[in-house]
Amino acid sequence: MNTTPSPELPPAAVPSSVLPAGADRPTTTPDHPQIDATGRVPTAGERAVVLGGGGSLGNAWEIGVIAGLYEAGVDITEADLTIGTSAGATAAAQLAGGLPPTELLAAILDPAPQHPVDPGSAGPGSADRRPAPSRPVPEQMARTAAVIAAAADPADMRSRMGAEALAADAASHGAASARWRDVVAGRLPGLQWPQRLLLITAINARTGEPVVFDRDSGVDLVDAVAASTSSGFGVPPYAIGDGRYLDGGYRRNENADLAAGYARVLVLSPFGGRSRHPQVWGMDLATQVDELRAGGSRVETVFPTGDTEHALRVNAMDVTQRPAAARAGHDQGRALAGRLTEFWC
């Protein structure tokens, strides 16, 4: 589970349940939006980029890597498919806002606003100065570790995680979701879904079922990102209409499996492919990469190194280390450009 603890817009009107992956799905209508996009994901394509979760530092590192590649002539923002999970969902939505990666990087290195913004759409530079509801990271880690240890399998883990998170937030009555929406909106330079295919992952806290949002889900982009970044304890289950949603990392760590059938898949994993789940569950990135390659995809993975890798292990939510993580990612992206040019371009 990789989480990132970014307005006042009306909540999307959505039904209270989400169909599980693989179930028959009704035709989308304005009154009955088809939330889970799993059945709409193309089974073949050319280039996909996967942005994994990794807290505040992971988000900064991903933006840095993408900006470094961009400066060196490798523009992964032109991917046919982008998959964002938790902190990676925030990064994907930030890139979808139309700002060049270098401008997003500048906003991290200099948190003063980089351009005029209206009160309802604060720029990405203001994101890390805004308060967010949270509990201490060690407490969150201990509670989620206990849930994982008690679970028999991924489906059981998701159900338990959802039930405990809902119980912990029973008294909120949606107020926490409204505050979290404000925070997430403040991190995005734009609130519109891009035309290129973007998938944002989450799980349904009430059913434990995996959920994938896209631009046809009837859910605003900010709500999809807020759902994907709601850990359940540091940030309560996120309310969209009558539904409640949790971090996309509970579906599968990086969710790279959603790129199945794409010829080239580039995965940025702030946690270096590590997983807190039992290996037998197959939640880890290595298993996903094996599956993709077995299906004919070429896959490249990028992990943090050095001080950034250490900082992510210690506390991925340490916002004071964001500039250092972004710089390290930028240098890493520029260094990787030569190797990735043939793969991507």
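The values are calculated or read from the model by the stated rules, or taken from the named source; none is laboratory data. Nothing here was measured: the structure is a model prediction, and the numbers come from that model. As a convention, Cβ positions derive from the backbone with ideal geometry for all residues, glycine included, and neighbour counts pool all protein chains shown. For accessibility, only protein heavy atoms count, side chains too; no ligands or nucleic acids. Shrake-Rupley method; radii C 1.70, N 1.55, O 1.52, S 1.80 Å.
Return the only residue of 26, 30, 11 being surrounded by fewer than 24 Cβ atoms within 10 Å (Cβ to Cβ), in contact with a His (Cβ under 8 Å, 6 or more places away or on another chain) and either in a loop (DSSP other than H, G, I, E, B) or modelled with pLDDT of 95 or more (or both).
On the way: 30 fails: in contact with a His (Cβ under 8 Å, 6 or more places away or on another chain); 11 fails: in contact with a His (Cβ under 8 Å, 6 or more places away or on another chain).
Matching residue, one of 26, 30, 11: 26.
Restricting to the range 315-343, what's the tally of residues that are of a type in the set (D, E, K, R) and open to solvent by less than 30 Å² (accessible area, probe 1.4 Å)? Break it down into steps so the answer makes sense when it comes.
Here is the first cut: in the range 315-343, the ones of a type in the set (D, E, K, R) are 318, 322, 327, 331, 334, 339, 342.
Checking which are open to solvent by less than 30 Å² (accessible area, probe 1.4 Å) leaves us with 322.
Qualifying residue count for the region: 1.
Identify, please: which residue in the range 244-288 is of a type in the set (Val, Ile, Thr) and touching a strand residue (DSSP E or B) at 6+ places or on another chain (Cβ under 9 Å) and is, among those, farthest from residue 332 (Cα to Cα)? Steps first, answer last, please.
The initial filter retains those residues of the range 244-288 that are of a type in the set (Val, Ile, Thr), namely 265, 267, 280, 287.
Okay, now just the ones that are also touching a strand residue (DSSP E or B) at 6+ places or on another chain (Cβ under 9 Å), so 265, 267.
Working: 265: 18, 267: 14 Å.
Across the range 244-288, the extreme among qualifying residues is 265.
Looking at the structure I just gave you, is residue 261 on the phi > 0 side of the Ramachandran plot and either touching a helix residue (DSSP H, G or I) at 6+ places or on another chain (Cβ under 7 Å) or of a type in the set (Val, Ile, Thr) (or both)?
no
In the list 191, 199, which residue meets the criterion of being over 27 Å from residue 146 (Cβ atoms), in a strand (DSSP E or B) and among the aliphatic types (A, V, I, L, M)?
Values: 191 fails: in a strand (DSSP E or B).
When all the criteria are applied, what remains is 199.
Of everything in the range 70-110, what is open to solvent by less than 10 Å² (accessible area, probe 1.4 Å), among the aliphatic types (A, V, I, L, M) and in contact with a strand residue (DSSP E or B) (Cβ under 9 Å, 6 or more places away or on another chain)? Give them in sequence order.
76, 79, 81, 83, 87, 89, 91, 92, 93
Quick one: which residue in 60, 92, 106, 67 is outside any loop (DSSP other than H, G, I, E, B), modelled with pLDDT of 95 or more and within 25 Å of residue 291 (Cα to Cα)? Before the answer, list the steps.
Working: 60 fails: within 25 Å of residue 291 (Cα to Cα); 106 fails: within 25 Å of residue 291 (Cα to Cα); 67 fails: within 25 Å of residue 291 (Cα to Cα).
So the residue among 60, 92, 106, 67 that is outside any loop (DSSP other than H, G, I, E, B), modelled with pLDDT of 95 or more and within 25 Å of residue 291 (Cα to Cα) is 92.
Output the residues belonging to the range 225-251 that are part of a loop (DSSP other than H, G, I, E, B), open to solvent by 10 Å² or more (accessible area, probe 1.4 Å) and farther than 14 Å from residue 158 by Cα.
Of everything in the range 225-251, those that are part of a loop (DSSP other than H, G, I, E, B), open to solvent by 10 Å² or more (accessible area, probe 1.4 Å) and farther than 14 Å from residue 158 by Cα turn out to be 236, 241, 242.
Restricting the search to the range 175-215, which residues are among the β-branched types (Val, Ile, Thr), open to solvent by less than 30 Å² (accessible area, probe 1.4 Å) and within 22 Å of residue 157 (Cβ to Cβ)? Step through it out loud before you land on a result.
Here is the first cut: in the range 175-215, the residues among the β-branched types (Val, Ile, Thr) are 183-184, 200-201, 203, 207, 211-212.
With open to solvent by less than 30 Å² (accessible area, probe 1.4 Å) added as a condition, the list becomes 183-184, 200-201, 203, 211-212.
200, 201, 203, 211, 212, listed by residue number.
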